1. Quick one: is Glu164 of a type in the set (D, E, K, R), open to solvent by less than 60 Å² (accessible area, probe 1.4 Å) and either more than 19 Å from Arg56 (Cβ to Cβ) or in contact (Cβ under 8 Å) with a residue 12 or more places away in the chain (or both)?
2. Would you be able to say whether some residue in region 158-165 is modelled with pLDDT of 95 or more, farther than 18 Å from Ala15 by Cα and not in a loop (DSSP other than H, G, I, E, B)?
3. Go over the candidates Leu137, Leu72 one by one and state the one that is within 21 Å of Cys47 (Cα to Cα), in contact with a His (Cβ under 9 Å, 6 or more places away or on another chain) and not acidic (Asp, Glu).
4. Quick one: which strands (runs of 3 or more DSSP E) lie wholly within region 35-123 and hold at least 1 residues that are farther than 29 Å from His145 by Cα, open to solvent by 10 Å² or more (accessible area, probe 1.4 Å) and not charged (D, E, K, R)?
5. For the list (1) farther than 21 Å from Leu160 by Cβ; (2) among the hydroxyl-bearing types (Ser, Thr, Tyr); (3) in contact (Cβ under 8 Å) with a residue 24 or more places away in the chain, I need the number of the one condition that Ser95 fails.
6. Which of the residues belonging to region 140-161 are open to solvent by 50 Å² or more (accessible area, probe 1.4 Å), within 23 Å of His46 (Cα to Cα) and in contact (Cβ under 8 Å) with a residue 40 or more places away in the chain?
Amino acid sequence: MALTESTMVELGSPAPDFNLPDTNGNHISLNNFKSETLVVIFTCNHCPYAKAVEDRLITLGNDFKGKTDFVLISSNDVANYPEDSPAKMAEKHKSKGYPFPYLFDETQEVAKEYSAVCTPDIFLYNKKRNLEYRGRLDDNWQQPHNVTREELRMAIDSVLSGNEIDFKQVPSMGCNIKWK
């Protein structure tokens, strides 16, 4: 596990398109998402950082249902990290009751297009699919009961209200994406 911080892609950047299989074998693209905002999260099954925030992401997905779309994408090398395989992703999607699709980026091209480098790596896009926020979920990945700032929630609320995000965006951090 190599601790890696997100690259903090330039705000205003357009969301790269993708067409990836979900855990049911259906292909999902950027155009499938119609809500006012879209959260794209690069994650995986095995990373302790991703596991630590998983339930909070599920809560956010449920809280913003109908207003914000969420999509999880795993880009890890499954040959060396079999826990991140599509079959294991499907098990996790079902057992955790994800309220959003979980996609597999086998070629790792989508992760590269997004400049994603860690799990979780979080990107929030507005209705025009321009980047408004890239950063951490909150201020305490390890201890959910000690969170004092839910930064992704704050960012979503700001964008949905038509306001600028008026706080410093702190990089997300986690395991590095497992490149082939």
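1. On the way: of a type in the set (D, E, K, R): yes; open to solvent by less than 60 Å² (accessible area, probe 1.4 Å): no; either more than 19 Å from Arg56 (Cβ to Cβ) or in contact (Cβ under 8 Å) with a residue 12 or more places away in the chain (or both): yes.
Considered against the rule, which asks whether it is of a type in the set (D, E, K, R), open to solvent by less than 60 Å² (accessible area, probe 1.4 Å) and either more than 19 Å from Arg56 (Cβ to Cβ) or in contact (Cβ under 8 Å) with a residue 12 or more places away in the chain (or both), Glu164 comes out as no.
2. Looking through region 158-165, at least one residue is modelled with pLDDT of 95 or more, farther than 18 Å from Ala15 by Cα and not in a loop (DSSP other than H, G, I, E, B).
3. Numbers: Leu137 fails: in contact with a His (Cβ under 9 Å, 6 or more places away or on another chain).
Leu72 is the lone residue from the list that is within 21 Å of Cys47 (Cα to Cα), in contact with a His (Cβ under 9 Å, 6 or more places away or on another chain) and not acidic (Asp, Glu).
4. Working: elements: 37-42, 68-74, 102-104.
Fully inside region 35-123 and qualifying: 102-104.
5. Answer for Ser95: the failing condition is (3).
6. If we filter region 140-161 for residues that are open to solvent by 50 Å² or more (accessible area, probe 1.4 Å), which is where we start, we get 141-146, 148-150, 153-154, 157, 160-161.
Then keep just the ones that are within 23 Å of His46 (Cα to Cα); that gives 141-145.
Trp141, Gln142, Pro144, listed by residue number.
The values are calculated or read from the model by the stated rules, or taken from the named source; none is laboratory data. What you see is a predicted model, and the numbers here were worked out from it, not measured in a lab. Cβ coordinates were reconstructed from backbone atoms using ideal geometry, including for glycine residues, and neighbour counts include every protein chain displayed. The accessibility values were calculated without ligands, DNA or RNA, using every heavy atom of the protein model including side chains. Shrake-Rupley method; radii C 1.70, N 1.55, O 1.52, S 1.80 Å.
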